[in-house]
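K.L.:
Structure in structure tokens, see below.
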Amino acid sequence: QSALTQPASVSGSPGQSITISCTGTSSDVGGYDYVSWYQQHPGKAPKLMIYDVTNRPSGVSNRFSGSKSGNTASLTISGLQAEDEADYYCSAYSSRSTLFGGGTKLTVL
Amino acid sequence: EVQLVESGGGLVKPGGSLRLSCVASGFTFDTYSMNWVRQAPGKGLEWVSSISSSSSYIYYADSLKGRFTISRDNAKNSLYLQMNSLRAEDTAVYYCTRAEWLLRASDSWGLGTLVSVSS
């Protein structure tokens, strides 16, 4: 049950797009289309932003999108806004467990 | 509105035990899988355990080494986590989460309850 690999930090200016990667193995990210992404603001509970690689829950802005290629999943945020500044975590299904990435701190410059 | 309210956290000495509870409302509890996810201070999210809607399937993180037990009471809309032989590294906020499918995305999270293990 090894953690998924995410960059520790990314940054971007308002209006720009950024992408956060999440690398696993063929036993988790690459093996199933069950990758999800969570946003967490300081002191708050995480919020589901993307599920099953590409799907957005009701109420989540369409500026958030997900994709996957091989063992790496990605979260893209377009038209960056100040409110997007937060920690982002990927998660993936792995037979008999759920894995999380170490988290990525997004800074909006 | 979906609500998940955790309770039972607190300060406990190493080697001690705690039982966390999560009361659910706003949805049909017995049709969802449930999870516990924890977050140590200043650290990332860590999956702890999952239980299917009817308790038929239960999974734990390997790191727990049999110290924790997840359970649910569908008649009481409640999820539980019995934690034994607690260690300093178990110090974390423990979140109760809901998932439509076992081991997949958590679409609702509680506010969490803090467990502190210290002498």
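Where a number appears in this text, it was derived from the coordinates with a stated rule and is not lab data. Please read all numbers here as calculations on a predicted model, not as lab measurements. Because the Cβ atoms are built from the backbone with ideal geometry, glycine has one as well, and the counts that use them run over all protein chains shown.
K.L.:
So, A:LEU106, is that one of a type in the set (A, V, I, L, M, F, W, C), in a strand (DSSP E or B), in contact with a Ser or Thr (Cβ under 9 Å, 6 or more places away or on another chain) and closer than 27 Å to B:TYR60 by Cα or not? Walk me through it before giving the result.
P.N.:
On the way: of a type in the set (A, V, I, L, M, F, W, C): yes; in a strand (DSSP E or B): yes; in contact with a Ser or Thr (Cβ under 9 Å, 6 or more places away or on another chain): yes; closer than 27 Å to B:TYR60 by Cα: no.
The answer is no for A:LEU106.
K.L.:
Give the residues of region B:69-92 that are within 14 Å of chain A (Cβ to nearest Cβ) and under 10 Å from the mean Cα position of the chain (by Cα), sorted by residue number.
P.N.:
The one that is within 14 Å of chain A (Cβ to nearest Cβ) and under 10 Å from the mean Cα position of the chain (by Cα): B:ILE70.
K.L.:
If only one of A:GLY70, A:GLY66 is surrounded by fewer than 17 Cβ atoms within 10 Å (Cβ to Cβ) and more than 10 Å from chain B (Cβ to nearest Cβ), which one is it?
P.N.:
Step by step, each of A:GLY70, A:GLY66 is checked, and only A:GLY70 is surrounded by fewer than 17 Cβ atoms within 10 Å (Cβ to Cβ) and more than 10 Å from chain B (Cβ to nearest Cβ).
K.L.:
For the condition in contact (Cβ under 8 Å) with a residue 60 or more places away in the chain and of a type in the set (Asp, Glu), what is the one hit in A:ASP52, A:ASP28, A:ASP84?
P.N.:
A:ASP28
K.L.:
For region B:38-52, give me the residue count where each residue is closer than 15 Å to A:ARG96 by Cα and part of a strand (DSSP E or B). Lay out the reasoning, then the answer.
P.N.:
Taking region B:38-52 as the starting set, the residues that turn out to be closer than 15 Å to A:ARG96 by Cα are B:46-52.
Next, only the ones that are part of a strand (DSSP E or B) stay: B:46-51.
Counting residues in region B:38-52 that are closer than 15 Å to A:ARG96 by Cα and part of a strand (DSSP E or B) gives 6.
K.L.:
What pairs come up if the first residue lies in region B:30-44 and is away from chain A (no Cβ under 11 Å), the second is among the charged types (D, E, K, R), and their beta carbons are under 8 Å apart, counting only those six or more places apart or on different chains?
P.N.:
B:TYR32/B:ARG98; B:TYR32/B:GLU100; B:MET34/B:ARG72; B:MET34/B:ARG98; B:ALA40/B:GLU46; B:ALA40/B:GLU89
K.L.:
Also: Among the residues of region B:1-33, which ones are within 11 Å of the chain's Cα centre (by Cα), closer than 16 Å to B:THR69 by Cβ and not small (Gly, Ala, Ser)?
P.N.:
Within region B:1-33, B:ARG19, B:LEU20, B:CYS22 qualify.
K.L.:
Looking only at region A:74-97, count every residue that is within 14 Å of chain B (Cβ to nearest Cβ) and more than 12 Å from A:GLY24 (Cα to Cα) and tell me the total.
P.N.:
8
K.L.:
Give the number of residues within region A:2-47 that are in a loop (DSSP other than H, G, I, E, B) and either touching a helix residue (DSSP H, G or I) at 6+ places or on another chain (Cβ under 6 Å) or of a type in the set (A, V, I, L, M) (or both).
P.N.:
So the answer is 4.
K.L.:
Another question about this same structure. Please state which one of B:SER56, B:SER33 is out of contact with any strand residue (DSSP E or B) (no Cβ under 8 Å at 6 or more places or on another chain) and of a type in the set (S, T, N, Q).
P.N.:
Matching residue, one of B:SER56, B:SER33: B:SER56.
K.L.:
Same structure, new question: Consider region A:51-82. How many of its residues are within 21 Å of A:ARG96 (Cα to Cα), β-branched (Val, Ile, Thr) and in a strand (DSSP E or B)?
P.N.:
1
K.L.:
Return a yes/no flag: does region A:46-59 have any residue that is at positive phi and hydrophobic (A, V, I, L, M, F, W, C).
P.N.:
yes
K.L.:
Okay, next question. Is there any pair linking a residue in region B:1-15 that is over 10 Å from B:TYR94 (Cβ atoms) to one that is surrounded by 13 or more Cβ atoms within 10 Å (Cβ to Cβ) and of a type in the set (Phe, Trp, Tyr), with Cβ under 8 Å and at least six apart or on different chains, and which?
P.N.:
Close Cβ pairs satisfying both conditions: B:VAL2/B:PHE27; B:LEU4/B:TRP109.
K.L.:
Which numbered condition trips up A:ALA82, out of (1) closer than 28 Å to B:ALA92 by Cβ; (2) of a type in the set (A, V, I, L, M); (3) surrounded by fewer than 18 Cβ atoms within 10 Å (Cβ to Cβ)?
P.N.:
Among (1) closer than 28 Å to B:ALA92 by Cβ; (2) of a type in the set (A, V, I, L, M); (3) surrounded by fewer than 18 Cβ atoms within 10 Å (Cβ to Cβ), A:ALA82 violates only (1).
K.L.:
Restrict the check to region A:8-21 and report whether at least one residue is within 13 Å of chain B (Cβ to nearest Cβ), closer than 21 Å to B:TYR95 by Cβ and in contact (Cβ under 8 Å) with a residue 40 or more places away in the chain.
P.N.:
no
K.L.:
Another question, then. How many of the residues in region A:31-49 are in contact (Cβ under 8 Å) with a residue 24 or more places away in the chain and buried (at least 17 other Cβ atoms within 10 Å of the Cβ)?
P.N.:
Residues in region A:31-49 being in contact (Cβ under 8 Å) with a residue 24 or more places away in the chain and buried (at least 17 other Cβ atoms within 10 Å of the Cβ): 10 in total.
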